[in-house]
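Colleague: Right, I'll just put the structure down here and ask away after.
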Amino acid sequence: MSDVDSSGRAAARKNLQAPRAKASIDVATIASISIPFLLVIAAIILGGSPDAFIDIKSIFIVIGGTFGVVMACFSLRDISTAGKVVVQAVFHTARDSSAAAVHALQIAEISRYQGVLALQQYLPGLASTGMFYRGISIAIDGTPGEKIERTMQRELQASAQRNTRTVSVLRKAAEIAPAMGLIGTLVGLVQMLGNLEDPSTIGPSMAVALLTTFYSAILSNMVFTPLASKLEQNSTEETLINTLYVMAASSIGRQENPRRLEMLLNTVLPPDHRIDYFG
Amino acid sequence: MSDVDSSGRAAARKNLQAPRAKASIDVATIASISIPFLLVIAAIILGGSPDAFIDIKSIFIVIGGTFGVVMACFSLRDISTAGKVVVQAVFHTARDSSAAAVHALQIAEISRYQGVLALQQYLPGLASTGMFYRGISIAIDGTPGEKIERTMQRELQASAQRNTRTVSVLRKAAEIAPAMGLIGTLVGLVQMLGNLEDPSTIGPSMAVALLTTFYSAILSNMVFTPLASKLEQNSTEETLINTLYVMAASSIGRQENPRRLEMLLNTVLPPDHRIDYFG
Amino acid sequence: MSDVDSSGRAAARKNLQAPRAKASIDVATIASISIPFLLVIAAIILGGSPDAFIDIKSIFIVIGGTFGVVMACFSLRDISTAGKVVVQAVFHTARDSSAAAVHALQIAEISRYQGVLALQQYLPGLASTGMFYRGISIAIDGTPGEKIERTMQRELQASAQRNTRTVSVLRKAAEIAPAMGLIGTLVGLVQMLGNLEDPSTIGPSMAVALLTTFYSAILSNMVFTPLASKLEQNSTEETLINTLYVMAASSIGRQENPRRLEMLLNTVLPPDHRIDYFG
Amino acid sequence: MSDVDSSGRAAARKNLQAPRAKASIDVATIASISIPFLLVIAAIILGGSPDAFIDIKSIFIVIGGTFGVVMACFSLRDISTAGKVVVQAVFHTARDSSAAAVHALQIAEISRYQGVLALQQYLPGLASTGMFYRGISIAIDGTPGEKIERTMQRELQASAQRNTRTVSVLRKAAEIAPAMGLIGTLVGLVQMLGNLEDPSTIGPSMAVALLTTFYSAILSNMVFTPLASKLEQNSTEETLINTLYVMAASSIGRQENPRRLEMLLNTVLPPDHRIDYFG
Amino acid sequence: MSDVDSSGRAAARKNLQAPRAKASIDVATIASISIPFLLVIAAIILGGSPDAFIDIKSIFIVIGGTFGVVMACFSLRDISTAGKVVVQAVFHTARDSSAAAVHALQIAEISRYQGVLALQQYLPGLASTGMFYRGISIAIDGTPGEKIERTMQRELQASAQRNTRTVSVLRKAAEIAPAMGLIGTLVGLVQMLGNLEDPSTIGPSMAVALLTTFYSAILSNMVFTPLASKLEQNSTEETLINTLYVMAASSIGRQENPRRLEMLLNTVLPPDHRIDYFG
């Protein structure tokens, strides 16, 4: 059961804020993605010659090659959408679904007892809720509930589809990067083997040949894979919260009893996040 | 919602053109497939001895071997169909489904108000729409709607099946190429190891042995895999658009109200591409 | 739609032959399976010392080991059935389903208008159609349609099951062969490493050690995998054609109208192979 | 259709024996599992120094490690059950389902015409049929058909579950063994690399390091994988036959007409094993 | 059928204890996870220089890197929940479902004949049953059966979800660890290759480079994989037992006949664990 229960209703109504602003950056994700990088960099620096790990040509082959193949698999628009989605959806804190449900019920209660126009004054406080803000805005304009639901449902599905697409792009990149690393290493090996006269160059040449494999292993396992997993998780949670918002905004548009809305929201909330707002 | 809404109807009708000609080559796909090649070639040339990367025998083993095994898995007809489909469906720009739906509605509206024979004059402008052109042609001949639908549905399914088959052929090739590369490299290694007397030949021999692996990695990851992914995507979009065309042409054949057709098209269009032509 | 339409009915009836004899060997499959072998053999011969690629002990380990493990996974009977199925079903040309359907309709038409006993004279011409021949034979004996259907259905399912089993055997072999190659190579490596005193023997010993990997890669990728894929395809097509034959023979046994049979056959035929025999 | 048809009924009834005794050991499975071992051993002996292939430490790491990890994944009871199931179910000849069905019908016929108590004298001959023996025993005791069915069904499901569990254990072992081999080889490599002063020890040390990989490849591919596959197959067949026995014993308990039982058995038998006992 | 049958009812009721306390640590799991470790450690010590196997930097890269990537894929809360679940659910003995069902029936019987308040005195004996203890506690408070069921069902689902999540975390860690091992080894190899002047350092440097692969193979195959498998199994069993407890506690809350409860419990118990308490 949620922490936010009916006992906190009065207090909550005074201080009617969206649960946690979406604009806040998810420090935990950024920190945890950084940990492996810092460890690898530390190992490189402790090893003495960090220069040996930088080779522009290899970086170009791995990053450019992965980018090219992934773009050929999808399209430039998919790649640029994926870039935006990663920035927006991966690095932002997911809100708590119980808190979002309670917040939506509070808004619905106000609308029920003071009329939908009274929501005008709460609108600025909703700015950070994205879809809910837009849903309430058109509800204030007098749009009927069915139309609100249709419009928001469409936005919800489009957003879910964008996320699914981006996960596909990231998984494809995680799959292609090692192949580009292998190709780069083979180029380096063939060049080295054709030039064995001076044994002193064998070591460094082979080191350079291995760099593409190294870069691609990092890209695939320390960047693309965690981003795809994280996005998949955040997408599930965002979809849940936006589904709650669609339900709430169209319920407000239909001027239904908020108690009915609570029942409806609970059918969608996971068992341990169900709410008990009206007791 | 689509950009092409009812406000543009008058303008659109004057200039009644198919949304984007299918004949246009998809420069983006070709460019993105080229990027990894250019990067690898640059790395080879910068390395100094590009000749070391060309070995006719190795090219024959990888390409010929992959071709043979894939042909044995499928049939010569499948391979040649796959070749045609790749040229036609991969390197051509997919049309926009909203625009195609609006365009089909325009044609349906003309047919409704001016009679189906009036479409005769618009037929040349439809030449680039493939299935729609053929559907309208037989509608003008007075073929009843059911027969138009059956004929076009058959063509649609046959085309979808051809694409699915081609994707299988490409995926099989992407799977077999590395195996042929390994076989070629083993041949080279065994030959080199049986001939170790002159140490100066070890390097070059081994370089040549690695070339089949190199070619096969390129073929599999930079050619077959992106082509298969791209085709899968384009096929989904073409099928959607052709489904719209089947609906439109058979609706014209049945002389139905275009408003009913719009509702029908919207059931098939993805949420963010639905149209609102009649307001 | 099929090439064989009603306009060719008169001509076809005169020259009533089964579409393409099953006895004909599929040259294309044999040729395409040979291509990779020829290329590898050419590469070996061009390399100068073909003897280095033959090692009886390695051949025994890979082929015998794969055979033993696959036989332990299945049973001796499965393996011998698989052997027969490969010879029969992989290397024989699949018939065209439209032609088979038209041919079956011709026979049904004759039976309808001249009586089922009139089929006696056409029976020798059906010898190459396998199941259809057996179905018509028992129909001439006066077996009722239901019994014909039950008997043939049983044969059809047994044959499909045999093919599925054989595909499993071939896929298992394609999976086990590389493992046996690895085991053989490890045996060779351990023997070579225990005997490093004479450096001149290292190369040849290692070459021999690699041969099991080489043989197993060839067996798995150039033999078992294409045979399994080909069989899967041919099996699908044979099942389709035999389903048509079951329908036709039991329709003849029930003395139904051939027009009804045509409709029935079209429900089973893929969209681009449907027939239009009675116009 | 089965070889055992109604024409053999009289003969069969005189000599009323269970089809093929379950106690007989499946020589074919044992032989085929032995073939790869014999080939590998022959290759080792022909190579001259079989001692180089025995290393107690490596055997302990691979077998003990795989055993420990698999036991941690499941439980000691699962492992010991798996051991028993492998001995019982893998190395015993599966009976023929048609013969088992005919045999069950013979017993049902006797029960029908001579009363269920008459089965007492045939009971010793059923000893090798396992579940059928137990079912007939409780039927003779006058247990009603429903109770017989419930009891036997429970035993049947428990046995199927035991087999499924054992297949999981074997597949897990086949998956874990190579990992233990890799770990052992890494231990050997690190030890060898830390001790490069005396070049003459490098070869033998590396040979020993490779032995864990060698053992694990043999364990995984030549023992666990075929045992799992074989058990899966035998389990399917045993379940089929025991299902027939459950049907027969409960039909006898209900004193139904054996003709009804035959129809029932045919619904479960695969198409090419259906029986035609009463003609 | 269960060992605990109706004949033991009197005895059992006197000594009314929860079947096997959950607090007991599962020695078998700990022992079996330790076996592979002990074997590897023994091999290392027998090899002479155990110091060569300890490298703090490598430990940091593998453990820290895996931790970081997994945390980025999930969230800090998921990881800490996973830690708790592993301690609680993996290393504790699963109870026997039959015994738990019989125990629940005994409590239900007491409640039926002595009233629900009589359970107060048995409550301390239930402390180790977790969910059942909490269910009976609220039943004593007079909570109606439906409310008990809803509350416990919610707890049950939340617990199952926590376990599923933890299995995902462990499987992800088992997948990521080898990648971090490869990255660490590549860092070591590049450093070694750039520093080949002194041949005597090559061996030890390469040994160190291999350590990350070694650590990651151990972490993945000897820790994460068995923990995930074990948890999956224990979770299935705990869910079964807790489902029994939910049924029993809500049946007590509804004051139903315990015979009805027995039937209900048997629908959920696996065939070979069904109970026969009331005979």
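Colleague: Can you compute the charge dipole magnitude of chain B about its Cα centre, using +1 on each Lys and Arg Cβ and -1 on each Asp and Glu Cβ, nothing else charged? Give it in debye, rounded to the nearest 20. Walk me through the numbers on the way to the answer.
Modeller: Working: 23 positive and 22 negative charges, 201 e Å.
Around 960 debye, computed over chain B.
Colleague: Now for a separate question. Please give the average number of partner chain Cβ atoms lying within 10 Å of the Cβ of each residue in E:203-210, rounded to a whole number.
Modeller: Details: counts 8, 5, 2, 6, 9, 4, 2, 6.
Across E:203-210, the average partner-chain Cβ count within 10 Å equals 5.
Colleague: For residue E:27 and residue A:236, what is the calculated FRET efficiency with R₀ set at 41 Å and r taken between the beta-carbons, to the nearest 0.05? If you can, show how the numbers build up before the last one.
Modeller: On the way: r = 39 Å, r/R0 = 0.94.
Calculated value: 0.60.
Colleague: Counting every Cα pair in the range B:122-181, what percent are over 16 Å apart? Please list the in-between numbers first.
Modeller: Details: 1056 of 1770 pairs.
Pairs farther apart than 16 Å: 60 percent.
Colleague: Could you give the spread of the C-alpha atoms of the range D:179-279 along their three principal axes, from largest to smallest, in whole angstroms?
Modeller: For the range D:179-279, the Cα spread along each principal axis is 86, 25, 13 Å.
Colleague: Okay, moving on. Starting from the Cα of residue A:260, step 7 Å along the direction of its Cβ; do the same at residue C:51; then give the gap between the two resulting points in nm.
Modeller: The two pseudo-label positions are separated by 9.4 nm.
Colleague: Now for a different question. Find, among the residues of chain C, the one whose Cβ sits nearest the axis of the rotation taking C to D; state the distance in whole Å.
Modeller: Nearest-to-axis residue on chain C, with distance in whole Å, is C:199, 9.
Colleague: Using only protein heavy atoms and a 1.4 Å probe, how much accessible area in total is buried between D and E, to the nearest 100 Å²? Could the numbers behind the result be given before it?
Modeller: Working: alone 14870 and 14890 Å², together 26900 Å².
It comes to approximately 2900 Å² buried between D and E.
Colleague: Cα gyration tensor of the range A:26-83, axes a ≥ b ≥ c as square roots of the eigenvalues: rounded (a/c below 1.5), prolate (a/b > b/c) or oblate? Walk me through the numbers before you get to the answer.
Modeller: On the way: a/c = 4.77, a/b = 1.45, b/c = 3.29.
Cα axes put the range A:26-83 in the oblate bin.
Colleague: Take peptide E:177-184, look around each residue's Cβ out to 10 angstrom, count Cβ atoms belonging to other protein chains, and average those counts.
Modeller: Counting other chains' Cβ atoms within 10 Å and averaging over E:177-184 gives 5.
Colleague: Students sometimes get this wrong: rank A:210, E:244 by accessible area, probe 1.4 Å, all chains present, largest first. Present the calculation step by step, with values, prior to reporting the outcome.
Modeller: Working: A:210 30, E:244 0 Å².
The residues order as A:210, E:244, largest area first.
Colleague: So what is the relative contact order for chain B, in percent, with contacts set as C-alpha pairs under 8 Å and at least six apart? Write down the numbers at each step before the final one.
Modeller: On the way: 342 pairs, mean separation 97.8, N = 279.
It rounds to 35 percent for chain B.
Colleague: With the dipole of the protein assembly as shown worked out from charges on the C-beta (+1 for Lys and Arg, -1 for Asp and Glu) around the Cα centre, which of A:200, A:267, A:123 lies farthest toward the positive end?
Modeller: Result: A:267, furthest along the dipole toward the positive end.
Colleague: Right, next: Treating only the Cβ atoms of Lys and Arg (+1) and Asp and Glu (-1) as charged, compute the dipole magnitude of the protein assembly as shown about its Cα centre; round to the nearest 20 debye.
Modeller: On the way: 115 positive and 110 negative charges, 886 e Å.
Charge dipole, the protein assembly as shown, about its Cα centre: 4260 debye, nearest 20.
Colleague: How large is the translational diffusion coefficient of the range B:43-184 in µm² per second when you combine the Kirkwood radius over alpha carbon pairs with Stokes-Einstein at 10 °C and 1.306 mPa s?
Modeller: Numbers: Rh = 19.2 Å.
D, rounded to a whole number, is 83 µm²/s.
Colleague: Calculate how large, on average over all directions, the projected area of the Cα convex hull of chain E is; give the answer in nm² to one decimal.
Modeller: Numbers: hull surface 72.5 nm².
Averaging across all directions leaves 18.1 nm² for the Cα convex hull.
Colleague: Which distances, in nm and shortest first, link the residue E:276 label point to the same label point in every other copy, taking 7 Å along Cα→Cβ?
Modeller: Going from nearest to farthest copy, the values are 4.3, 4.3, 7.0, 7.0 nm.
Colleague: While we're on this one: Quick one: Cα centre-to-centre distance for the range E:218-236 and the range E:59-133, in angstrom?
Modeller: Each part reduced to its Cα centre gives a spacing of 17 Å.
Colleague: Compute the label-point distances linking residue E:28 to its equivalents in the other copies; points lie 7 Å from Cα along Cα→Cβ; give nm, one decimal, shortest first.
Modeller: Those label-point separations list as 3.6, 3.6, 5.9, 5.9 nm.
Colleague: Heads up, I need the accessible area for residue A:73: 1.4 angstrom probe, whole protein in place, Å², nearest 10.
Modeller: It works out to around 0 Å².
Colleague: Using the reciprocal of the averaged 1/r over all distinct C-alpha pairs, how large is the Kirkwood radius of the range E:127-243 in Å?
Modeller: On the way: mean 1/r = 0.0557 Å⁻¹.
With all distinct Cα pairs of the range E:127-243 included, I get 17.9 Å.
Colleague: Separate question: Most fluctuating residue of A:200, A:111, A:168 in a GNM of chain A with Cα springs under 10 Å: which is it?
Modeller: A:200
Colleague: Here is a further query. Which whole number in µm²/s is D for the protein assembly as shown by Stokes-Einstein, with the Kirkwood Rh taken over Cα pairs at 37 °C and 0.692 mPa s?
Modeller: Working: Rh = 37.3 Å.
Rounded to a whole number, D works out at 88 µm²/s.
Colleague: Which Cα, out of C:173, C:217, C:151, lies furthest along the positive dipole direction of the range C:150-225 (beta carbon charges, K/R +1, D/E -1)?
Modeller: The one lying farthest along the dipole's positive direction is C:151.
Colleague: Just to confirm the numbers: residue E:48, label point 7 angstrom along the Cα-Cβ line, distances to the other copies in nm, shortest first?
Modeller: Output for residue E:48: 2.5, 2.5, 4.1, 4.1 nm, nearest copy listed first.
Colleague: Divide by every residue of chain A the summed helix terms, -39500 (n - 2.57) for each DSSP H run of at least 4, and state the resulting mean residue ellipticity at 222 nm, rounded to the nearest 500 deg cm²/dmol. Could you put the intermediate results ahead of the total?
Modeller: Working: 11 runs with 183 residues, N = 279.
After summing the helix terms and dividing by the residues of chain A, the value is -22000 deg cm²/dmol.
Colleague: Each residue of the range A:191-208 in order: what ³J(HN,Hα) in whole Hz does its phi give by Karplus 6.51 cos²θ - 1.76 cosθ + 1.60, θ = phi - 60°, with x for Gly and Pro?
Modeller: 4, 5, 5, x, 9, 8, 3, 9, x, 5, 8, 4, x, x, 4, 5, 4, 5
Colleague: Moving on. Which of D:56, D:79, D:101 sits closest to the plus end of the dipole of the range D:50-185, meaning its Cα is farthest towards the positive end, when Lys and Arg get +1 and Asp and Glu get -1 on the C-beta?
Modeller: D:79
Colleague: Give me the distance in nm between label points sitting 7 Å out from Cα along the Cα-to-Cβ direction at residue A:201 and residue C:120, one decimal.
Modeller: Computed distance between label sites residue A:201 and residue C:120 equals 9.0 nm.
The values are calculated or read from the model by the stated rules, or taken from the named source; none is laboratory data. The structure presented is a predicted model; accordingly, all values stated were derived computationally and were not measured. Here Cβ is always computed from backbone atoms with ideal geometry, including for glycine, and neighbour counts include all displayed protein chains. The area values use the complete protein model at the heavy-atom level, side chains included, leaving out ligands, DNA and RNA. Shrake-Rupley method; radii C 1.70, N 1.55, O 1.52, S 1.80 Å.
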